[in-house]
Amino acid sequence: MRRQWRWWLIGAIALCTTFLATPSRGDIPWQTPPAPIDQLLDAPLSPAVSIAPQRQWLLELEQPALRSLAELAEPTLGLAGHEINPRTHAPADLYTYRGLRVRQIPDGPWQSIQDLPAQPRISYVQWSPDGEAIAFTLERDTGLELWIANLATAQARRLMEPVLNATDGNPCDWQPDSQGLVCKIVPAANRQPPPEPEIPDGPRVEENLGRTAPARTYTNLLQNQQDVVLFEHYFTSALVEINLQGDRRPLVAPQLVDRLSLSPDGRYLLLETLHRPFSYQVPAWRFPKRSVILDSRTGEEVYEIADLPLADNIPIAIGSTRPGRRQIVWRSDQPATLCWVEALDGGDAEQAADYRDALWELPAPFTAQPQQLWRSQYRFSQVDWGREDAALVWEWWYNNRQERLWRLNPAEPTAAPQLLLERNYQDAYNDPGEPLLEPNRYGRSVLHFSPDGEAVYFAGRGASPEGVYPFLARRSLSTGETERLWQASDPYFEQVVDFGGTAAPTLLTRRQSPQEPPNYFYYDSLTDSTPQALTDYGDRAPQFAEVQKQIVTYERADGVSLSATLYLPPGYDAARDGPLPTLFWVYPEEFKDVETAGQVTTAANTFIRPYRASVLYLLLRGYAVVANPSLPIVGVGDREPNDTYIEQLVAGATAAVETFVDQGIADPQRLLVGGHSYGAFTTANLLAHTDLFSAGIARSGAYNRTLTPFGFQGEQRNFWQAQDAYIGMSPFTYADQINEPLLLIHGGEDANAGTYPMQSERLYEALKGLGGTVRWVELPFEGHGYEARESVAHVLWEVMQWSDRHTQPDSPN
């Protein structure tokens, strides 16, 4: 992908008043939704919050308003699955904060971080291991600078000029003693872009000699030899060590650095680099990769872990993975012990195997033979290290939706692992949550043990038939049994942020209710009934204070339990106002059993305010919104869910419509259906296969599955294995049956796998050619979601105009 400056367009954006008298191709000026919606788009967001590892500081990060289209229009390069800004050597969509503020927990005064430039653009914020400082990057015209802030003094200062290289992730890693960092920088020879030839040296040629190498539909891939030159130019980094006084020491000569990680004791550096041969068919994470250990003091290579070849032939079955040593990390509970995972089934999820993966370790000085710690019958998911005799390891398998949690004793690798949990990972009612972690003496995160060492703590979302109430639990390492120590209760949805432990049982939470915005609270014990507020964020959109929200349950015709979230306009009175025009905002999900498909997982006690292009803004226009009505696509046993996708989709939508029409809320003559991405695909299918709705709104969707022949969403068969499913699920196939008006919206540079802008263009052309009522809006410079202020406002205007036109008989639109 190449995007050069369109100076004429940037000028038009800046002036925002000059347009063609006779728009070409039906182009129109940027539009805005009516008040107060347009003003709400500029309402300030609550800050993001981060807690220091030792829980002594709370950091606020000021979140910016919506970006301008001029920002999105900056030049970008799409290279090997990445989209970068060549000016800054950073991701093109890098999110930046505008200010920093800090306070000591629980009752210190707020202090703004001083000595930052006006309107700073801050990213890659990292706590030092001791929690007394943060490192962050500051975007300048020519790149990213490295800055550090001391929290006790609230003073910030620059450590490095704008030479950081963040094209492939976070550019820096703190040293364990908090006295410096190791960073990726742009080599001096790479400060200027390489010249682009006026004509190519030759044609693009690719060849396959009978080798099976399927690939899903990736975007921003390398296209030609010039792309290869650009990739090597922008992704090449040198490694330097920099202390807090700004002194530097070179570590590694320029290479294609993919990842770096210091050992917990700081003596060694794990370095992963990419090398040729590259591929035009897969992204960079599947390129040949060499992983080595360096002495962090000298930069000399100590041990080669792996040199993996190009992985362009990973099977498309979900759960397939790259052969060879992968997921290479340091054991966080040891000074310098490597661990990695290696597939025992060749990485092929379709291949029958007694064991899928093995977990290995190798301590410094890396001269012994690696030790196998565990073998998994499913695919390895993650490991949480704790201490010599305790680690938690997870495995999962897609086809049966199962996951298992095991306790390992790393000190005795031959000891049998202990099964603590086995469940369907889609079973929200039995979700154990995630283990809580705490920093150890190396500043690395390890399991948070109870004072007696016999249990660990978990925090979960707490879905149940009675509602969603987050919890803190203690899980025994010997029996797997759990005890809930704390749980949120009405009227709050309150999530555990951090826990000091039962010896010092302070609790940090993020609490909200339908009337109260999310804020952070400090409990001095688990029985504290009057927690101290750490933040006091207000309501950015009080116009929604009187919106009514309900969780509604009902059944599909075949008895499958369903639910939806109903939003009603402020001040709505059923007796007075009667049935409303109603938008059903949809997104289906696949399941392997009806029990989990029917669970209610939406929290009733959350604080809801729309953001960006949310359809909830329609509530201020007198619409009802039915959000995420359950549309489960269930395939029991060996049956694939998608083999009956259309039948189940229609049954779920019919049940939702009948429920809200029968309740007298939704006017059956004024029903809309809409969705984003897979929800847009669903919208087009519902218009093709039902007459339930008056019109549809489809944003950033894919409509012809033959254009994604090696899988999509949860479909793991290729087109030639499941032609009936691919063709039957494609609304493009049934464009002649879409006889309701359809609004298509798409980002002009959508890089999401499978949802090329061409998908909307082709469906528009089909419907236009068949005499359908259709409108196609392509947003310049936008990706899969919409970011620019101009784009978001215009999308809301389009949605409201379209909705009024097709549900309000007297609408002037």
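List of remarks:
- Subset of the range 106-129 [modelled with pLDDT of 95 or more, under 28 Å from the mean Cα position of the chain (by Cα) and assigned to a loop (DSSP other than H, G, I, E, B)]: PRO120, ARG121, SER128, PRO129
- All helices (runs of 4 or more DSSP H) inside the range 664-770 with 1 or more residues being under 28 Å from the mean Cα position of the chain (by Cα) and among the acidic types (Asp, Glu): 757-769
- All conditions but one from (1) buried (at least 18 other Cβ atoms within 10 Å of the Cβ); (2) out of contact with any Leu (no Cβ under 6 Å at 6 or more places or on another chain); (3) farther than 30 Å from GLY319 by Cβ apply to GLN737; the one that does not is (1).
- For the range 570-588, the set of residues classified as open to solvent by 10 Å² or more (accessible area, probe 1.4 Å), more than 24 Å from GLN599 (Cβ to Cβ) and in contact with a strand residue (DSSP E or B) (Cβ under 7 Å, 6 or more places away or on another chain) consists of TYR572, PRO579, LEU580, listed by residue number.
- Put simply, of ASP247, ASP265 the only residue that is among the charged types (D, E, K, R) and touching a residue at least 40 places away in the same chain (Cβ under 8 Å) is ASP265.
- Checking each residue in the range 601-638 for being more than 24 Å from THR553 (Cβ to Cβ), within 21 Å of the chain's Cα centre (by Cα) and open to solvent by less than 20 Å² (accessible area, probe 1.4 Å) picks out PRO610, ALA613.
- Only listed residue being in contact (Cβ under 8 Å) with a residue 60 or more places away in the chain and small (Gly, Ala, Ser), chosen from GLY433, GLY500: GLY500
- Scanning the range 338-350 for residues that are without any contact (Cβ under 8 Å) to a residue 40 or more places away in the chain and either more than 30 Å from HIS448 (Cβ to Cβ) or open to solvent by less than 30 Å² (accessible area, probe 1.4 Å) (or both) gives TRP340, VAL341, ALA343, LEU344, ASP345, GLY346, GLY347, ASP348, GLU350.
- The range 482-505 - residue that is at pLDDT 95 or above and part of a loop (DSSP other than H, G, I, E, B) and, of those, least open to solvent (accessible area, probe 1.4 Å): ALA488
- Residue ranges of strands (runs of 3 or more DSSP E) in the range 558-641 with at least 1 members touching a helix residue (DSSP H, G or I) at 6+ places or on another chain (Cβ under 8 Å) and more than 23 Å from TYR429 (Cα to Cα): 561-568, 580-585, 624-627
- Count - residues of the range 266-280 that are of a type in the set (Val, Ile, Thr) and either assigned to a loop (DSSP other than H, G, I, E, B) or open to solvent by 20 Å² or more (accessible area, probe 1.4 Å) (or both): 0
- Residue that is nearest to LEU256 (Cα to Cα), among those in the range 297-321 that are modelled with pLDDT of 95 or more and hydroxyl-bearing (Ser, Thr, Tyr): TYR303
- As a summary of the residue check, THR654 satisfies the conditions (1) out of contact with any helix residue (DSSP H, G or I) (no Cβ under 9 Å at 6 or more places or on another chain); (2) among the β-branched types (Val, Ile, Thr); (3) not in a helix (DSSP H, G or I) except for the one numbered (3).
To keep it simple, each residue is scored yes or no on (1) open to solvent by 10 Å² or more (accessible area, probe 1.4 Å); (2) assigned to a strand (DSSP E or B); (3) in contact with a Cys (Cβ under 8 Å, 6 or more places away or on another chain).
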| residue | (1), (2), (3) |
| --- | --- |
| ASP258 | yes, yes, no |
| PRO264 | no, no, no |
| VAL282 | no, no, no |
| ARG290 | yes, yes, no |
| TYR303 | yes, yes, no |
| SER320 | yes, no, no |
| PRO323 | yes, no, no |
| ILE328 | no, yes, yes |
| PRO335 | yes, no, no |
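- Just one residue in the set VAL795, VAL774 is under 18 Å from GLY696 (Cβ atoms) and either open to solvent by 10 Å² or more (accessible area, probe 1.4 Å) or among the polar types (S, T, N, Q) (or both); that residue is VAL774.
- Top-ranked residue of the range 140-170 - restricted to ones that are β-branched (Val, Ile, Thr) and in contact with a strand residue (DSSP E or B) (Cβ under 6 Å, 6 or more places away or on another chain), ranked as most open to solvent (accessible area, probe 1.4 Å): THR142
- Against the list (1) more than 22 Å from HIS689 (Cα to Cα); (2) out of contact with any strand residue (DSSP E or B) (no Cβ under 9 Å at 6 or more places or on another chain), the condition ASP643 fails is (1).
- Cross-chain or 6+ apart pairs with Cβ under 6 Å, the range 127-150 first and of a type in the set (Asp, Glu), then modelled with pLDDT under 95: none
- Checked against (1) open to solvent by less than 30 Å² (accessible area, probe 1.4 Å); (2) under 17 Å from ARG612 (Cα atoms); (3) among the small types (Gly, Ala, Ser), GLY748 passes all but a single condition, namely (2).
- Test: residue in the range 97-105 that is within 18 Å of ALA788 (Cβ to Cβ) and assigned to a loop (DSSP other than H, G, I, E, B): yes
- For LEU779: the one exception among (1) over 30 Å from GLN648 (Cα atoms); (2) in contact with a helix residue (DSSP H, G or I) (Cβ under 8 Å, 6 or more places away or on another chain); (3) crowded, with 23+ Cβ neighbours inside 10 Å; (4) in contact (Cβ under 8 Å) with a residue 60 or more places away in the chain: (4)
- Residue in the range 534-547 that is hydroxyl-bearing (Ser, Thr, Tyr), open to solvent by less than 50 Å² (accessible area, probe 1.4 Å), within 30 Å of PRO47 (Cβ to Cβ) and part of a strand (DSSP E or B) present: no
- For the range 110-124, filtered to residues that are crowded, with 18+ Cβ neighbours inside 10 Å and among the hydrophobic types (A, V, I, L, M, F, W, C), the residue that is nearest to LEU239 (Cα to Cα) is ILE122.
- Among the residues here, GLU715 qualifies as touching a helix residue (DSSP H, G or I) at 6+ places or on another chain (Cβ under 9 Å), open to solvent by less than 10 Å² (accessible area, probe 1.4 Å) and of a type in the set (D, E, K, R).
- Filtered by the rule that a residue be open to solvent by 20 Å² or more (accessible area, probe 1.4 Å) and either assigned to a helix (DSSP H, G or I) or charged (D, E, K, R) (or both), the range 206-232 gives GLU206, GLU207, ARG211, ARG216, GLN225, GLN226, VAL229, GLU232.
- Any strands (runs of 3 or more DSSP E) falling wholly within the range 413-475 and containing at least 3 residues that are touching a Ser or Thr at 6+ places or on another chain (Cβ under 8 Å) and either buried (at least 17 other Cβ atoms within 10 Å of the Cβ) or at pLDDT 95 or above (or both): 437-439, 455-460
The values are calculated or read from the model by the stated rules, or taken from the named source; none is laboratory data. Every value quoted in this text rests on a predicted model; they were computed, and no experiment measured them. Using ideal geometry, Cβ is built from the backbone for each residue, glycine included, and neighbour counts are taken over all protein chains shown. Ligands, DNA and RNA are excluded from the accessible area calculation, which covers all protein heavy atoms including side chains. Shrake-Rupley method; radii C 1.70, N 1.55, O 1.52, S 1.80 Å.
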